[in-house]
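The values are calculated or read from the model by the stated rules, or taken from the named source; none is laboratory data. It should be emphasised that the depicted structure is a prediction, and the values quoted were computed from it without experimental measurement. Please note: Cβ atoms are built from the backbone with ideal geometry, for glycine as well, and neighbour counts cover all protein chains shown. Accessible surface is based on the protein model in full, side chains and every heavy atom, while ligands, DNA and RNA are left aside. Shrake-Rupley method; radii C 1.70, N 1.55, O 1.52, S 1.80 Å.
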Amino acid sequence: MSKDPVIEAKSLSVNYPLGKGLFGPRAYLSAVDNISLNIEKGSFFGLVGESGSGKTTLGRALLKAAPISEGEVFYRDEDVSHDLRTIKGLELKDYRKRAQLIFQDPYAALSPRMTVRDIIAEPLEVMGLTKTRAETDARVREIAAKCRLNLEHLRRFPHAFSGGQRQRISIARALVSGPKFIVADESVAALDVSIQADVLNLLKTIQRDMGISFLFISHDLSVVAHTCDHVAVMYLGNLVETAPTRSLFTRPRHPYTSALLSAIPSLDPDDTREAEKLTGEIPSPANPPKGCKFHTRCRFARDACKAERPQLREMAPGHMVACHFAEEFDFSENGALQSA
Amino acid sequence: MSLISVQDLTIRFATDEGLITAVEDVSFDIAPGEILGLVGESGSGKSVTAKALMRLNGGNTRYDERSTITLGVPGEAPVEVLSLKRERDMGPIRGGAVSMIFQEPMASFAPAITVGQQMVEQLLIHTKMTKSQARKHAIEMLDRVGIPDPARRFEQYAFEFSGGMRQRAMIAMALSTSPKLLIADEPTTALDVTIQAQVIDLMKDLVREFGMGILFITHDLGVIAQTADKVAVMYLGKLVETGTVRQVIRTPGHPYTRGLIDALPKLSDLDAPLTPVPGDIPSPLNRPAGCVFHTRCPLAKPGLCDAVVPQAETLPDGQSVACLFAQDIYSKEGAA
C-alpha cells in the first residue's frame, strides 16, 4: 500500500449557525472541530463514535457535501489535486465523479419508481460519462456483475429486493462513475448479521480489486475491527484517538475508547467482565464542555482536564491519543485481543 | 407453573395471494423471573409471535385451532389469550399483566401529549390509583430508570428527550403497571453501545427486583449472551433450536444457529473471515418444502431435506434442535 493520502484534512472545522440575531448569527454549533487526518490510498479507514459525535458531518465535509468553515481539505490522485475549500464549477463536477457516498438505509436510498438498471445508470447519464445507450448498458452490466446482481435483477423495481440486495444496488450506483474515494455511512447498520457479513466482504473485495479508498463510518466497533486498516474514534467533534486497527484494539489508550470497547456485549455468557459505566450521555455540541470535551463522563478526570483541551500526540507508531494522562493508563484488559 | 405457555402457535395471514404462514408450530414457556431471548433474521416471524401474546396482530390474522397461549399469573385464574373475543376483555394482556417495549421509542410516544400525561393515562386505566397517586408513581418510575430531574421531565414531550432517555422513559412506562410479563422487541437496536449497556443493566435489575418474565427479541447474539437465560432461534416462522444460552451459543446444534454465529464479527479473533449464511431468507409466499432452511443449508441433502420436515429432537444435554442431522452434528462435536 502506498503512503500517499487520497484525502488530507488539516484543522478542518464545520460550524453551523444557531438561529439569527440582529447582527448575524449569534452562536455557532461546532459539529466538526479542528480535525486533521489523512486517508491513505487504497485503505479502509474506520470512523467510530456515538450518535451526535459528528461522524456523518465529517464524512460529508470530505465529500464537499457539508460546508467547510475552517481549515483545508485536499483530494489527491495521480493526475489531479482538488482543494475542497475553494472547489467549484467543472472541478467540483470532476470531484463528484471521484468521490461517492453509500447511505445507511437501503430502503430510503432507492427511488421506488425507477428500475434497478435506471437507478444504477442515473449517475452516468447525469454526469455525461457515457455517450450512447449501448455504452451505458455495458457499463451498468459490468458494475452490476461486480456487485453480484444479474441481468434479470436489472429489470425489476427496488421493492422486489431484500435489504442485502438493495444495499448491493446502492453500492453499484456508487461505483458506476468509477470513484477513487467512497464514504460508507453506517452502510451495514440496518442489515441482519448474515447479510452484514456478505456486504462487508463485498466492500473489501471492491477495495482490493478496484483500489478504492473507503471512509467507513460505523458505531459498531466489532465490524470496524474486522474491516478497517486504520481507525479514528470521534467524540463531540474531536478525534480522541486514531491508530492502526490492531494497535487500537490491542491497547486502547483513551478512556473513551476503552469504555466503548468494554460496552460491547460479549458472546461468552460466562464473561463477567463488568462494562465500564459511561454515565450519562454525550453533551450537546451546541454547548460543549470546556477543556477536554470528555471530562464530564471520564472517570479519571482531574482539574487539568477541565482547563485545557488535550491535543493528539503520538504514543506508539501511528497511534495518536488526545488525553493529558494517557501514559498513566493501561486499558489492555479491555482490549479485544487480550485472549488471543 | 409457567408465566406464559405457548403451544403449537401457528399464525397465518389472509392476503390477496392467499393464506400466508408467518409462524408455524412454535412452542415455548417463560417462568417468572426468566428471560427468554428470541433470535432470528428480519422476516423470521419474531415480532408476529410477540404481538400474538397481546393479540396485536391485524384483522386478517388467522390463529390455528390447535394453538394455545396460556397466561398464568400466580394467584389468578389462567387466561386463554387466543380465546378472548371482546376488546374490553383484553385489558389484562394489553398493559395489565403484559407490557411491551418497542424498538423505536419516538414512534411509540404520542408527540403532542407530554410523557407524564401518557404515563398517568395508562395507570388510570389499569390500576385503581387516583390522578395524584398516578402522577407520584410515574415520577418515581422515571427516577427508578435513571432519568435525572424526573419531575421536570414528566412535564416534557418525547421530542425533548434524547434517544437513550426516550427508551428509558418507555421502559418506565411499560413497568409502571407492574406487569408480570414484559415483551421487549429489539429494545436496544437503535441505541449506541454505551446506552445499550445501561439499558441492559437496567432490565436485569428490574427482573431481579420485580421477578417478572421477559421475552427479549433481538438479532444481536451478544446482547442475548449477556442477558437471557434461555434462547429460541427462529427461522421462517419455525423454532429451529431452543436451549439455555450456554448450550446454544457454545455448542449450536442447528446449522442455521451456527451460521449466525459464524457471520458475527468477533473481537477475540480479528483475522477470522466473516462467513455469511449464503443467500437470502425466502419469501413466506413460497416457503420451501421439507426443512425450511434447506435452500441455504450447507449440510442439506437433496431428496431428504427438501422432502422431510424435521421434528424437534432433544439432545442429551437438553437443548432441542429441529434438524435431521442434529444427532450426527452433536456426536461429532462430542468427539472433537
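Observations on the structure shown:
- When B:GLY43, B:GLY33 are checked against the criterion of being surrounded by fewer than 18 Cβ atoms within 10 Å (Cβ to Cβ) and either under 27 Å from B:THR188 (Cα atoms) or modelled with pLDDT under 90 (or both), a single residue qualifies: B:GLY33.
- Of the strands (runs of 3 or more DSSP E) entirely within segment B:33-137, those holding at least 1 residues that are in contact (Cβ under 8 Å) with a residue 24 or more places away in the chain and among the hydrophobic types (A, V, I, L, M, F, W, C) occupy B:35-39, B:68-71, B:98-101.
- Complete set of residues in segment A:128-139 that are closer than 19 Å to A:ARG98 by Cβ and touching a Leu at 6+ places or on another chain (Cβ under 8 Å): A:THR130, A:ARG139
- Segments classed as strands (runs of 3 or more DSSP E), wholly inside segment A:1-65, with at least 1 members that are in contact with a Gly (Cβ under 8 Å, 6 or more places away or on another chain) and open to solvent by 60 Å² or more (accessible area, probe 1.4 Å): A:5-18, A:27-40
- Residues that are polar (S, T, N, Q) and more than 8 Å from every other protein chain (Cβ to nearest Cβ) were ranked within segment B:268-301; the one that is farthest from B:PHE13 (Cα to Cα) is B:THR295.
- Some residue of segment B:165-176 being outside any helix (DSSP H, G or I), within 12 Å of chain A (Cβ to nearest Cβ) and either within 30 Å of A:ARG246 (Cα to Cα) or open to solvent by 10 Å² or more (accessible area, probe 1.4 Å) (or both): no
- Every residue from segment B:180-202 that is outside any loop (DSSP other than H, G, I, E, B), farther than 18 Å from B:LEU56 by Cβ and touching a residue at least 24 places away in the same chain (Cβ under 8 Å): B:ILE195, B:GLN196, B:GLN198, B:VAL199, B:ILE200, B:LEU202
- Of the residues A:ALA259, A:ALA225, the single one that is farther than 28 Å from B:ASP262 by Cβ, part of a helix (DSSP H, G or I) and open to solvent by less than 10 Å² (accessible area, probe 1.4 Å) is A:ALA259.
- Residues that are assigned to a helix (DSSP H, G or I) and either surrounded by fewer than 18 Cβ atoms within 10 Å (Cβ to Cβ) or within 7 Å of another protein chain (Cβ to nearest Cβ) (or both), drawn from segment B:251-267: B:GLY259, B:LEU260, B:ILE261, B:ALA263
- Residue that is nearest to A:ARG96 (Cα to Cα), among those in segment A:155-195 that are outside any loop (DSSP other than H, G, I, E, B) and open to solvent by 20 Å² or more (accessible area, probe 1.4 Å): A:ARG173
- Among residues of segment B:268-293, those that are more than 18 Å from B:SER42 (Cα to Cα) and open to solvent by 30 Å² or more (accessible area, probe 1.4 Å), counted: 7
- Residues in segment B:203-243 that are part of a helix (DSSP H, G or I) and farther than 22 Å from B:LYS266 by Cα: B:MET203, B:LYS204, B:ASP205, B:LEU206, B:VAL207, B:ARG208, B:GLU209, B:PHE210.
- Positions within segment B:56-70 being at pLDDT below 90 and closer than 14 Å to B:LEU9 by Cα, in sequence order: B:ASN57
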